[in-house]
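The structure under discussion appears below in the form of structure tokens.
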Amino acid sequence: MNILSVSALSKSFGGVQAVRAVSFNVEAGQLLAIIGPNGAGKSTCFNMVNGQIRPDSGSVTIGGVEVSGKTPREIWRLGVGRTFQITATFASMTVRENVQMALLSYHHRLASWWPRVMNLYREEADELLRRLGMSEQAHRQCALLAYGDLKRVELAMALANRPRLLLMDEPTAGMAAAERIELMALTAEIVRERRIAALFTEHDMDVVFAHADRIVVLNRGLLIAEGSPEDVRVDAQVRDVYLGSRR
């Protein structure tokens, strides 16, 4: 079942066509990676799906609902979780409080969130932190965490929305090699366990080829290849424009 469907998506900035008639789908329980060299159109395409950029033409549907032109918050309300290349957490709050804040928003309780935040959705927050391996740090301020742990907190916050679609913009950026593999392995496990559709951009090819079910390759705004990691790895055009012939 397709959760996300992108059809003939296009976007220009002045005279530069950043994305040209790109189409792809993401199914429930599947991880789809968008890769390509710098300037390929990855971020533009990703941000059109999330509502940060309005497409010039084409269609984006989530669960059969057309979302082109909707705001990021409207799209979030349709069951979309998002993580960012640079982590977005409340530094002065504890790990648990950050996840509780995401839960409060999901449950439409932000209008009266303080001072009862310490009592609301605590068990649900703790369960998410347990799943992400962060239980022992639940009481610590996010400002004191290592960067890799902040990435886990951000993922827990994204999952608090009970998403059917998870959007991850370079989820392992800034992390050590071992942390990158560990975090993406855990993410892939959760995605398949909860039947979430996941779309992510990533520069680390080891992460992409180890965990993506399918890969979309962009170059100069065009989709030049799509398929399994094995198919993309041996694609001659991909090797020429992105991976390099040695790979």
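Quick notes
- Global form of the range 9-90, assessed from the alpha-carbon gyration tensor, a/c cut-off 1.5: rounded
- Amide hydrogen neighbours beyond the local backbone of Ile34, cut-off 5 Å, H modeled: Phe200, Thr201, Glu202, Val216
- C-alpha center-to-center spacing [the range 9-25, the range 128-197] in angstrom: 30 Å
- For the chain, averaging the sequence separation of C-alpha pairs within contact (under 8 Å, six or more residues apart) and dividing by the residue count gives a relative contact order of 28 percent.
- Relative to its Kirkwood radius, the Cα radius of gyration of the range 124-214 gives an Rg/Rh of 0.94.
- Ratio of Rg to Rh over the chain (Cα coordinates, Kirkwood Rh, two decimals): 0.98
- Note on the chain: antiparallel DSSP beta bridges, both residues inside, total approximately 55 percent of the bridges counted.
- Between the helical axis of 122-131 and the longest alpha-carbon principal axis of the chain there is an angle of about 40 degrees.
- Ellipticity at 222 nm from helices only: DSSP H runs of n ≥ 4 in the chain, each -39500 (n - 2.57), divided by the residue count, give -9500 deg cm²/dmol.
- Rounded to 0.05, the FRET efficiency of the Ala8 and Thr71 pair, given R0 = 22 Å and the Cβ-Cβ distance, is 0.50.
- Computed over the alpha carbons of the range 92-160, Rg followed by Dmax gives 11.0, 31 Å.
Only the coordinates and a few stated rules stand behind these numbers; no lab work does. Predicted, not measured: the structure shown is a model, and the values here were computed from it. FYI the Cβ positions are ideal-geometry reconstructions off the backbone, even for glycines, and counts take in every protein chain you see.
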